[in-house]
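The values are calculated or read from the model by the stated rules, or taken from the named source; none is laboratory data. Everything numeric in this text was worked out from a predicted model, so none of it was measured. Don't worry about glycine lacking a Cβ; one is built from the backbone with ideal geometry, like all the others, and counts go over all protein chains shown.
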Amino acid sequence: MKDITLAIKNSILRRFQNDALPKGFNQKAHAVITNLLKTLTSLGLVLLVIYGFRFDGTHLIIKVITTSLFLGFAYLMIGGVLGFLFGIPKTLQKESKAGDDQQSTSFNANTNLEQISDWLTKIIVGVGLTQLYTIPHKIYRLGEIFAPYLGGEPPATDAKIFGIVLFLFFVPVGFIYGYIYTRMYLPNMLADADRMLREVGEIYDAKSMGAYKALNKLDILFNPSINETSLDTRNLIELIKNSPPLAKNMIFEKTRDFRRKCKENGHLKDMMRTIPVFQALIDDENQENLYQQQAQLAYIYKDIRPILKTEEDKKQNLMKAIKLFGEAIVNRKVDGFFIYEYNRAYCNILLDDNYRENKATSDASLKNAITADLRLIKAKTGLQTMEQNTGEARVINKWIALNPGAIS
């Protein structure tokens with residue numbers, strides 16, 4: 001996701017650094033045209049105000065000026081839209097070559113706007129040419145319609161002429177605005193957008209290929225027939241970190257299923273193969289379901305104790321599991337079945353030397369940690385978890401018996 005965000009950011013920065021102008025564009029001509037259009041627009045607005053002050057009465061002056069301004073801006077916008085339609089550039093679509101990779105998929109730019117522009121400009125020009133002899137009459141009729149709002153009283157010749165001048169002045173100015181700015185800026189803006197999408201697509205394609213390789217390497221890693229000493233997980237970890245979110249979810253589910261299968265079949269040594277995968281997922285700070293990865297790794301440290309050789313190794317694994325269960329509880333997004341607290345209490349009990357000697361827990365801090373989790377489970381689930389015939393349930397029930405009144 002960071003790579004995709006960076007690609008978008010760089011594309012936007014390039015657009016502003018290049019000022020979005022076409023290559024070889026004459027900056028002086030651009031400045032002259034822009035200043036000319038601004039001058040014409042300003043001159044037209046000044047003339048509107050001057051025209052308003054030729055009337056008597058504040059109310060009438062305000063009415064004429066505001067109406068003139070609204071009409072002027074409306075005509076300017078109409079001209080601008082027409083200029084935009086006539087100025088939209090054509091997109092050149094590259095045809096795919098016969099020798100291209102058949103598995104790759106390419107997409108052309110959406111040209112709906114170009115097609116609409118093409119249709120409308122042809123319709124406007126066609127209708128304009130067929131109705132050319134009626135256009136002067138229609139413009140004159142427009143002047144008659146707005147003459148009463150421009151301070152005119154019948155026959156209101158001056159107001160009619162002013163209404164016609166408004167149309168003939170602001171529509172062409174707006175058209176030039178729309179056409180020139182569309183021709184100057186839109187091509188590069190569209191090219192930048194296509195370039196940005198292409199860069200993002202290339203990054204995502206690269207990530208998808210990395211995810212495909214990662215899933216294939218998982219099949220090798222989780223194959224019990226392959227000697228674990230011949231496995232190199234360093235490249236796999238890098239592929240996992242660079243995979244897109246959907247692929248990471250697939251990797252997580254595949255690894256979780258393998259861990260569960262190993263526990264059911266008692267293949268604890270094979271279960272250890274999942275440790276680097278879960279750790280790589282945990283190290284990814286963009287993971288949405290971090291608590292699930294933390295819990296899965298905690299289960300592994302809890303479950304592989306029987307194959308560890310020394311008591312110190314077993315103790316260290318229990319402490320790692322307790323820490324990860326605690327982090328999973330903090331990051332957990334849903335409540336309900338308090339399995340993490342249940343397993344954390346189980347691990348804390350196994351750390352208790354007194355428990356192994358069938359004695360009550362004497363370490364106050366350890367006892368408080370165990371009772372806090374068990375009381376929460378009792379309050380939320382009524383100790384239904386502990387009634388199951390599992391190794392964890394037998395350990396917890398035994399501890400409760402050794403510590404009467406601890407969770408009451």
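Could you grab me the full set of residues in segment 261-313 that are free of Cβ contacts under 8 Å to residues at least 12 places away in the same chain, of a type in the set (D, E, K, R) and farther than 20 Å from Asn227 by Cα?
Matches in segment 261-313: Glu264, Glu285, Lys309, Glu311, Glu312, Asp313.
With respect to Val32, is the statement that it is within 16 Å of Leu166 (Cα to Cα) and not polar (S, T, N, Q) true? Before the answer, list the steps.
Details: within 16 Å of Leu166 (Cα to Cα): no; not polar (S, T, N, Q): yes.
Criteria not met by Val32.
Any chance segment 352-365 includes a residue that's free of Cβ contacts under 8 Å to residues at least 60 places away in the same chain, within 21 Å of Arg394 (Cβ to Cβ) and under 45 Å from the mean Cα position of the chain (by Cα)? Before you say what the answer is, go through the steps one by one.
Initial filter on segment 352-365 (free of Cβ contacts under 8 Å to residues at least 60 places away in the same chain): 352-365.
Okay, now just the ones that are also within 21 Å of Arg394 (Cβ to Cβ), so 352-361.
Restricting the remaining residues to those that are under 45 Å from the mean Cα position of the chain (by Cα) gives none.
No; the residues of segment 352-365 include none that is free of Cβ contacts under 8 Å to residues at least 60 places away in the same chain, within 21 Å of Arg394 (Cβ to Cβ) and under 45 Å from the mean Cα position of the chain (by Cα).
Please count how many residues of segment 302-351 are of a type in the set (Val, Ile, Thr) and closer than 17 Å to Glu392 by Cβ.
Filtering segment 302-351 for residues of a type in the set (Val, Ile, Thr) gives 304, 307, 310, 322, 329-330, 334, 339, 349.
Next cut, closer than 17 Å to Glu392 by Cβ only: 304, 322, 329, 339, 349.
Counting residues in segment 302-351 that are of a type in the set (Val, Ile, Thr) and closer than 17 Å to Glu392 by Cβ gives 5.
Can you work out which of the residues in segment 302-319 that are of a type outside the set (A, V, I, L, M, F, W, C) and touching a Phe, Trp or Tyr at 6+ places or on another chain (Cβ under 9 Å) is farthest from Ile339 (Cα to Cα)? Before the answer, list the steps.
So in segment 302-319, the residues of a type outside the set (A, V, I, L, M, F, W, C) come out as 302-303, 305-306, 309-317.
Checking the rest, the ones that are also touching a Phe, Trp or Tyr at 6+ places or on another chain (Cβ under 9 Å) come to 302, 316-317.
Numbers: Lys302: 13, Gln316: 21, Asn317: 19 Å.
Applying the filter and picking the extreme gives Gln316.
For (1) modelled with pLDDT under 80; (2) under 23 Å from Gly44 (Cβ atoms); (3) part of a helix (DSSP H, G or I), each residue gets a yes or a no:
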{"site": "Leu168", "(1), (2), (3)": "no, yes, yes"}
{"site": "Arg183", "(1), (2), (3)": "no, yes, yes"}
{"site": "Asn188", "(1), (2), (3)": "yes, no, yes"}
{"site": "Ala191", "(1), (2), (3)": "yes, no, yes"}
{"site": "Arg198", "(1), (2), (3)": "yes, no, yes"}
{"site": "Asp205", "(1), (2), (3)": "yes, no, yes"}
{"site": "Ser225", "(1), (2), (3)": "no, no, no"}
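With the checklist (1) within 30 Å of Leu366 (Cα to Cα); (2) more than 33 Å from the chain's Cα centre (by Cα) in hand, flag the one item Tyr291 doesn't pass.
Every condition holds for Tyr291 apart from (2).
For the list (1) surrounded by 15 or more Cβ atoms within 10 Å (Cβ to Cβ); (2) of a type outside the set (Phe, Trp, Tyr); (3) within 16 Å of Leu324 (Cβ to Cβ), I need the number of the one condition that Asp283 fails.
(1)
Those residues that are surrounded by 14 or more Cβ atoms within 10 Å (Cβ to Cβ) and assigned to a helix (DSSP H, G or I), I need them from segment 52-72; list them, please. Quick ask: steps written out before the conclusion?
Applying the first criterion (surrounded by 14 or more Cβ atoms within 10 Å (Cβ to Cβ)) to segment 52-72 yields 52, 55, 61, 63-65, 67-69, 71-72.
Matches in segment 52-72: Gly52, Ile61, Lys63, Val64, Ile65, Thr67, Ser68, Leu69, Leu71, Gly72.
May I ask you to verify whether Ile135 is at pLDDT 75 or above, surrounded by 12 or more Cβ atoms within 10 Å (Cβ to Cβ) and either among the charged types (D, E, K, R) or part of a helix (DSSP H, G or I) (or both)?
On the way: at pLDDT 75 or above: yes; surrounded by 12 or more Cβ atoms within 10 Å (Cβ to Cβ): no; either among the charged types (D, E, K, R) or part of a helix (DSSP H, G or I) (or both): yes.
No; evaluated as a whole, the condition is false for this residue.
I'd like to check which helices (runs of 4 or more DSSP H) are fully inside segment 234-334 and have at least 1 residues that are under 28 Å from Leu351 (Cβ atoms) and either modelled with pLDDT under 90 or not basic (Lys, Arg) (or both).
Values: elements: 234-241, 245-265, 268-271, 275-283, 290-303, 311-331.
Ranges flagged: 245-265, 268-271, 275-283, 290-303, 311-331.
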